[in-house]
Amino acid sequence: MPDTRTHDIITVATGALLAPAAYVLLESGGRDDAAAGAAVLTGAHLISGLLFSPDLDIDSAIDNRWGFFFWIWRPYMWIIPHRHFWSHSLVLAPLLRLVYFYLVTLLIVVWGAWILGRIGVGVPDLHAQASAWLFDAMRRNPDMVRLFIFGFISGSAAHTIADWLVTGGKRYMRMAGIRLRRDYRNHDLK
Ligand SMILES: [Zn+2]
């Protein structure tokens with residue numbers, strides 16, 4: 001399968017194609033909205049490919065990009081088998097990573113609030129407030145949510161499709177190699 005650098009190039013190149021295409025498609029709704037929509041879509045595509053890559057299911061270069069927070073992805077890495085349906089499917093896998101990230105972030109906030117509570121700094125319901133704020137913002141901007149999710153899925157799909165193409169290509173080369181060897185042997189026998 002392609003290495004991380006190749007996947008990065010594919011992510012950026014497909015993102016560069018996606019941005020103008022999205023702008024043209026959204027232009028009828030006004031130029032400002034089209035620019036904002038194209039930015040959200042392309043941003044989600046890049047974030048998905050570079051930070052939320054399907055290869056978070058192995059100890060790859062991707063989790064290092066999370067710096068101090070690399071451990072967020074350790075349980076994911078332990079639970080999800082490499083290149084499995086749960087990490088490398090077109091639609092379900094990126095959405096699962098998004099839900100996983102949301103739940104882990106929520107746990108960190110709950111835990112942080114608990115620690116602060118122990119040392120006497122009361123921050124009641126911080127996780128509930130943050131969630132309420134997030135879902136309220138999503139309700140008010142349904143079009144942007146749709147564009148974000150579309151970009152998040154396309155960023156991951158660009159990776160998965162590249163993996164499939166390389167695996168398929170290698171299989172065909174192997175088949176061709178076997179056939180070539182056989183032809184060669186036949187040639188020798190004649
Ligand atoms: Zn992969």
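One line per residue, one yes/no per condition, for (1) surrounded by 13 or more Cβ atoms within 10 Å (Cβ to Cβ); (2) within 25 Å of Ile72 (Cβ to Cβ); (3) within 16 Å of the ligand (Cβ to nearest atom); (4) modelled with pLDDT under 90:
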{"residue": "Gly112", "(1), (2), (3), (4)": "yes, yes, no, yes"}
{"residue": "Gly120", "(1), (2), (3), (4)": "no, no, no, yes"}
{"residue": "Asp125", "(1), (2), (3), (4)": "no, yes, no, yes"}
{"residue": "Arg146", "(1), (2), (3), (4)": "yes, no, no, no"}
{"residue": "Ser154", "(1), (2), (3), (4)": "yes, yes, yes, no"}
{"residue": "Ile161", "(1), (2), (3), (4)": "yes, no, yes, no"}
{"residue": "Arg174", "(1), (2), (3), (4)": "no, no, no, yes"}
* Asked: Name the residues in region 55-91 that are polar (S, T, N, Q), surrounded by fewer than 17 Cβ atoms within 10 Å (Cβ to Cβ) and within 13 Å of the ligand (Cβ to nearest atom), would you?
  -> Ser89
* **Ser60 vs. criteria modelled with pLDDT under 95 and more than 27 Å from Ile161 (Cβ to Cβ)** => no
* To do: Please go through region 27-39 and pick out each residue that is touching a residue at least 60 places away in the same chain (Cβ under 8 Å) and surrounded by 19 or more Cβ atoms within 10 Å (Cβ to Cβ).
  => Gly37
* Asked: When region 40-54 is examined, which residues are found to be in contact with a Phe, Trp or Tyr (Cβ under 9 Å, 6 or more places away or on another chain) and either without any contact (Cβ under 8 Å) to a residue 60 or more places away in the chain or open to solvent by 50 Å² or more (accessible area, probe 1.4 Å) (or both)?
  -> Ile47, Leu51
* Give region 127-144 a look and list any residue that's in contact (Cβ under 8 Å) with a residue 12 or more places away in the chain and open to solvent by 70 Å² or more (accessible area, probe 1.4 Å), or say none. => Asp143
* Structure fact -> Those residues of region 1-25 which are in contact (Cβ under 8 Å) with a residue 60 or more places away in the chain, over 16 Å from the mean Cα position of the chain (by Cα) and either open to solvent by 40 Å² or more (accessible area, probe 1.4 Å) or under 12 Å from His159 (Cβ atoms) (or both) amount to Met1
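The values are calculated or read from the model by the stated rules, or taken from the named source; none is laboratory data. None of the values given here were measured: they were computed from a predicted structure. Please note: Cβ atoms are built from the backbone with ideal geometry, for glycine as well, and neighbour counts cover all protein chains shown. Ligands, DNA and RNA are excluded from the accessible area calculation, which covers all protein heavy atoms including side chains. Shrake-Rupley method; radii C 1.70, N 1.55, O 1.52, S 1.80 Å.
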